Each structure stands twice: as C-alpha cells, then as structure tokens.
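The values are calculated or read from the model by the stated rules, or taken from the named source; none is laboratory data. As the structure is a computational prediction, the values presented were derived from the model and not from experiment. Note: ideal-geometry Cβ built from the backbone for every residue, glycine included; neighbour counts use all protein chains shown.
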Ligand SMILES: C[S@@+](CC[C@H](N)C(=O)[O-])C[C@H]1O[C@@H](n2cnc3c(N)ncnc32)[C@H](O)[C@@H]1O
C-alpha cells in the first residue's frame with residue numbers, strides 16, 4: 001500500500017530516529033580524535049552531545065574528571081542517559097545556563113554541531129558562552145565541513161545508507177539537497193524508510209557552511225584565538241580540498 005511521508009520536525013527530536021542515531025553514525029576517526037583530547041583534559045563540556053557517545057566512551061575508558069553533555073533534543077538525551085553513569089546530561093543549549101566560573105579545560109562541538117548555528121547572533125552568543133565556560137588555559141575544539149570542497153554535491157538521492165536495527169529490521173536513509181546553497185546555508189532532507197514505520201519519515205535541516213576566514217572572524221569577535229587548524233582527522237593541513245575545517249582555539 002502507498003503511504004505519504006511523515007514529515008518530522010527534526011530527526012534529533014524524534015524518539016525512534018534518535019534511537020537509530022548511533023547505528024547510523026558509528027564510531028569513526030573523528031571520534032578517536034576527540035576521545036584523545038577528552039582523555040587528556042581534566043573537565044569537558046560537550047555541546048550538542050547528542051546520544052553522548054563521546055563522553056560515555058570517555059567515562060567507560062576511565063576518565064575521572066567532570067564530564068558534561070548538553071543538547072536541546074530530549075530524545076537524544078534519552079539515549080545518552082542509558083549509558084555510563086557519572087556524566088552530567090543537561091537538556092538545553094548554551095543559553096540555558098550561566099557559564100561564569102565553569103572553568104572547563106575543554107569544550108567540544110562534534111558531529112558538525114557548529115553548523116546548526118545559523119544566524120550571526122546565534123553564532124556570536126554560542127561562541128561567547130563557550131569562551132565564558134573555558135578556563136583561562138582551556139581549549140575549544142570543533143569541526144565544520146569545508147565549503148570549498150562542496151561536500152553537498154555528493155548528497156544525492158542515489159546514495160542510500162542501510163542499517164540493521166536492534167530488532168533486526170533494515171532502515172534505509174538517503175539525503176536530498178533542496179536547491180543550491182543560499183549564501184552560506186544549505187537546506188536538505190533526510191528520508192528514513194523501513195524499520196517499524198509504515199511510511200517514510202522525512203526530516204528537513206539547514207546547515208551553515210562558514211569558510212575559514214569567516215570562522216576566524218567569529219572566533220576573534222568572541223575572544224577566541226585559533227591555535228591550530230587541520231583539514232582532516234589525521235591532522236593534515238587545511239587546503240581547498242580538505243573535507244573538514246577542524247579548529248583548536250583558546251581564550252585570547
Ligand atoms: C549531528 S548531531 C551530533 C551529535 C554528537 N555531537 C555526535 O557527534 O554524535 C547534532 C546535535 O546538535 C544538537 N543541536 C541542535 N541545535 C543545537 C544548539 N543550538 N546547541 C547545541 N546543540 C544543538 C542536536 O540536538 C543534535 O543532537
């Protein structure tokens with residue numbers, strides 16, 4: 001039988017999609033990169049922690065300091081809370097708290113969370129909050145996809161990812177870009193099919209793709225100085241072909 005698609009507000013806000021997140025985003029080189037940093041930092045704030053894979057792993061591997069994950073999607077935190085105890089999971093975003101005196105040694109934004117910050121005001125407010133949450137010797141580390149490499153050109157309908165879920169059903173996921181980028185923003189859909197759903201689930205998202213010059217400008221405006229920048233998870237140099245802009249910044 002033919003069914004129309006269900007449009008979900010955002011995949012992270014939906015309980016069944018959040019439950020699939022870790023299967024669709026298995027541990028990779030980016031997670032290893034961040035885990036090393038987390039393990040050598042005394043206290044860590046993971047902004048947009050999602051299902052909490054990074055901090056759960058760090059606690060599981062013996063990190064003994066303060067670990068806090070914050071995310072506005074309750075459905076994602078449901079998954080996070082199923083894991084290692086002793087991590088503070090906070091529902092909200094960087095505006096939810098006052099960060100004065102928090103003194104984190106490391107603040108991270110992983111999984112391209114940085115790109116969900118769309119407006120200049122949102123970006124400035126988030127970066128200022130990060131700056132406030134850091135200790136004077138702390139580090140802010142995050143990545144953003146490199147717009148020069150035009151990654152969205154490979155987000156085509158024919159590229160289908162399939163995962164087998166915990167109940168042994170198969171879910172397929174495909175992406176479709178909705179038109180060319182508007183300025184530095186790109187809107188696309190993710191369509192999930194199979195599993196326990198009787199019709200496709202479609203979520204629509206917009207991401208911002210800042211180039212490295214704009215990125216530096218926003219960081220400087222918030223009192224953050226870049227100390228290192230890489231183009232890939234092996235710490236290769238940033239070039240126009242690099243997939244990522246991975247940035248390490250410190251309070252100025
Ligand atoms: C692609 S997921 C990444 C999750 C996790 N960091 C990872 O690497 O697996 C993006 C996450 O950002 C969260 N998010 C959306 N808007 C946010 C905001 N304004 N501040 C912080 N997190 C946000 C979403 O709820 C979602 O969990």
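General observations
- Scanning the range 71-84 for residues that are touching a residue at least 12 places away in the same chain (Cβ under 8 Å) and assigned to a loop (DSSP other than H, G, I, E, B), we see that the one that is nearest to residue 45 (Cα to Cα) is 72.
- Check on residue 129, part of a helix (DSSP H, G or I), within 11 Å of the ligand (Cβ to nearest atom) and modelled with pLDDT of 95 or more: yes
- In the set 205, 240, 214, 252, only one residue is modelled with pLDDT of 95 or more and either buried (at least 17 other Cβ atoms within 10 Å of the Cβ) or touching a strand residue (DSSP E or B) at 6+ places or on another chain (Cβ under 7 Å) (or both); that residue is 252.
- Any hit, the range 218-231, residues being over 23 Å from residue 136 (Cβ atoms) and either touching a strand residue (DSSP E or B) at 6+ places or on another chain (Cβ under 9 Å) or part of a loop (DSSP other than H, G, I, E, B) (or both): yes
- Filter result (part of a helix (DSSP H, G or I) and surrounded by 17 or more Cβ atoms within 10 Å (Cβ to Cβ)) within the range 10-21: 11, 12, 17, 18, 19, 20, 21
- Of the residues making up the range 40-64, those that are part of a loop (DSSP other than H, G, I, E, B) and in contact (Cβ under 8 Å) with a residue 40 or more places away in the chain are 41, 42, 48, 49, 50.
- Checked against (1) within 10 Å of the ligand (Cβ to nearest atom); (2) in contact with a strand residue (DSSP E or B) (Cβ under 8 Å, 6 or more places away or on another chain); (3) closer than 27 Å to residue 36 by Cβ, residue 88 passes all but condition (1).
- With respect to the stated conditions, residue 95 fails to be closer than 30 Å to residue 241 by Cα, in a loop (DSSP other than H, G, I, E, B) and either touching a helix residue (DSSP H, G or I) at 6+ places or on another chain (Cβ under 9 Å) or not assigned by TED's automatic domain parsing to the domain that holds residue 241 (or both).
- Only a single criterion out of (1) outside the structural domain of residue 191 (by TED's automatic domain parsing); (2) without any contact (Cβ under 8 Å) to a residue 60 or more places away in the chain is not satisfied by residue 160, namely (1).
- Residue in the range 59-73 that is farthest from residue 16 (Cα to Cα), counting only those that are within 13 Å of the ligand (Cβ to nearest atom) and in contact with a strand residue (DSSP E or B) (Cβ under 6 Å, 6 or more places away or on another chain): 68
- Test: residue in the range 76-83 that is within 19 Å of residue 37 (Cα to Cα) and either more than 14 Å from the ligand (Cβ to nearest atom) or not assigned by TED's automatic domain parsing to the domain that holds residue 45 (or both): no
- Some residue of the range 149-170 being crowded, with 19+ Cβ neighbours inside 10 Å and in contact with a strand residue (DSSP E or B) (Cβ under 7 Å, 6 or more places away or on another chain): no
- Going through (1) in contact with a strand residue (DSSP E or B) (Cβ under 6 Å, 6 or more places away or on another chain); (2) more than 16 Å from residue 23 (Cα to Cα); (3) within 11 Å of the ligand (Cβ to nearest atom) one by one, residue 43 falls short only on (3).
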